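This report concerns only the one structure given below.
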Amino acid sequence: QQQVKQSPQSLIVQKGGISIINCAYENTAFDYFPWYQQFPGKGPALLIAIRPDVSEKKEGRFTISFNKSAKQFSLHIMDSQPGDSATYFCAASTGGSARQLTFGSGTQLTVLP
Amino acid sequence: DAGVTQSPTHLIKTRGQQVTLRCSPKSGHDTVSWYQQALGQGPQFIFQYYEEEERQRGNFPDRFSGHQFPNYSSELNVNALLLGDSALYLCASSLTATQETQYFGPGTRLLVL
C-alpha cells in the first residue's frame, strides 16, 4: 500500500508549547520520510527529513522521531511560535529509477500568541 | 539562485477546455515532478519527467500529459477539463530522478467552471 496516514487533522497550541504531529505508513519499501510546511497560497517547503536507519533527527526547534518497527514517525516542534502556524504534511518515498512522494492528508497547526 | 518557478499563478477555465501549465526547475536540477493538490488535501503525484521522458506516473487519466524541454523546463497539459480538476498544481524539481529531495514551486491555482 502507498498510503500515509497523518493525525491530527488540526492542532492548536499555545506559544512556547510543543506541537506533535504523527504519521503512519504500511509500505516497508519507503526509505525517505520528509516533512513539508505549507503556508496559504504557497507551495510546500521542505522542513526536515529522515531515513529509516536513524531513530531521531533534530534541526533547530524541529525534531523527527522514527519508529521503524511500528512504521510510524512524528514531527515535534519545540517552543512553538505564532509564525509556525501553517499546514504540515508528512510524506514518504521509495527508491528506484524515479522517486514519487506520497503525502499525508495534512495537519493545520495554529499557535496562539 | 532562483527556486522553482511556475506560470501562470492563477487560471480560470470552463469545462471541456484544455490548459497548459509551465514550470522551470531550480538551477542545476534536471528532474521535474508534477503534483495535484485539491483543497484541504495533500499533494498527489501526477508524473515525473527526466531526460525529456515520462519516468513514472501516478493514478491520473490520460487527459493529463506532459513534456520536458532540453533546458529541463516542463509543461503539464490537461485536456477535456472537468470540474474536479480544480486544484493547485505543483511542480517540484530534484537534482536527478533518484534524488530524494524535491523542492516545490508556488503552484498554479486552476479553477474550472
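What follows draws every value from the coordinates through simple rules; no lab data is involved. Treat the numbers as computed from the prediction; the structure is a model and nothing was measured. Note that each Cβ is placed from the backbone with ideal geometry, even for glycine, and that neighbours are counted across all protein chains shown.
Things to note:
- Length gained on full extension, A:LYS42 to A:VAL54: 1.3 nm, using 0.36 nm per residue less the C-alpha separation.
- For chain A: relative contact order, % (alpha-carbon pairs under 8 angstrom, 6 or more apart): 37 percent
- Only Cα pairs under 8 Å and 6+ residues apart enter the sum, and on that basis the relative contact order of segment B:1-43 stands at 39 percent.
- Burial ordering of A:ASP31, B:ASP85, A:ASP53, fewest other beta-carbon atoms within 10 Å first: A:ASP53, A:ASP31, B:ASP85
- Size of electric dipole in chain A: Cβ of Lys, Arg +1 and of Asp, Glu -1, about Cα centre, debye, nearest 20: 60 debye
- The dipole here belongs to the protein assembly as shown: it is taken about the Cα centre, uses +1 on the Cβ of Lys and Arg and -1 on the Cβ of Asp and Glu, and is about 540 debye.
- Under the shape rule built on the C-alpha gyration tensor, where the axes satisfy a ≥ b ≥ c, chain B is prolate, since a/c reaches at least 1.5 and a/b is greater than b/c.
- Ordered by the count of other Cβ atoms within 10 Å of each Cβ, fewest first, A:PHE103, A:PHE89 give A:PHE103, A:PHE89.
- Relative contact order %, segment B:40-113, counting alpha carbon pairs below 8 Å whose residues are six or more apart: 22 percent
- Note on B:PHE60 and A:SER7: the model spin-label points, each 7 Å out from Cα along the C-beta direction, lie 3.1 nm apart.
- Its convex hull of Cα atoms gives segment A:5-113 a direction-averaged projected area, equal to a quarter of the hull surface, of 6.7 nm².
- Cα centre as origin, Lys/Arg/Asp/Glu Cβ charges: chain B dipole, Debye: 480 debye
- Average beta carbon contacts from partner chains per residue of B:99-109, 10 Å cutoff: 5
- Neighbouring Cβ atoms from other chains, within 10 Å of the Cβ of residues in A:42-49, number 5 on average.
- Footprinting exposure proxy ranking of A:THR107, B:THR96, fewest other C-beta atoms within 10 angstrom first, gives B:THR96, A:THR107.
- Our coupling estimate for segment B:54-59, obtained by passing each phi through the Karplus curve with A = 6.51, B = -1.76, C = 1.60 and θ = phi - 60°, is 6, 9, 8, 9, x, 7 Hz, Gly and Pro reported as x.
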